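In what follows, a single structure is set out as structure tokens and then discussed.
The values are calculated or read from the model by the stated rules, or taken from the named source; none is laboratory data. Just so you know, these numbers come straight off a predicted model, no measurement behind them. Glycine also receives a Cβ, built like all others from the backbone with ideal geometry; neighbour counts cover every protein chain displayed.
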Amino acid sequence: MRETAMIIYGGIRRFVADACDYRNLNPDERHMFWKRLQAAAFLALLPVFLVIGALSKATRWGQRL
């Protein structure tokens, strides 16, 4: 468990370091930076969309009239 936390912490530190040094990144590193940003945004927003979907199904907002 501790190793997993250290891997996550190291990944966050690297992401923040890349964001602070964005001008000096080469095009391949910039591409990977944006891919990581997209993945982080997806993982952060996934629970929100799951809750919205569950509420929609529970309240029948998703059904056609």
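Listed values, structure above:
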read-out	value
Residue satisfying condition, being modelled with pLDDT of 90 or more, among the basic types (K, R), out of contact with any Pro (no Cβ under 7 Å at 6 or more places or on another chain) and part of a helix (DSSP H, G or I), within set K57, K35	K35
Pair list, Cβ < 6 Å and 6+ apart or interchain, from segment 28-50 residues that are closer than 17 Å to R13 by Cα to residues that are in a helix (DSSP H, G or I)	F33/D18; R36/F15
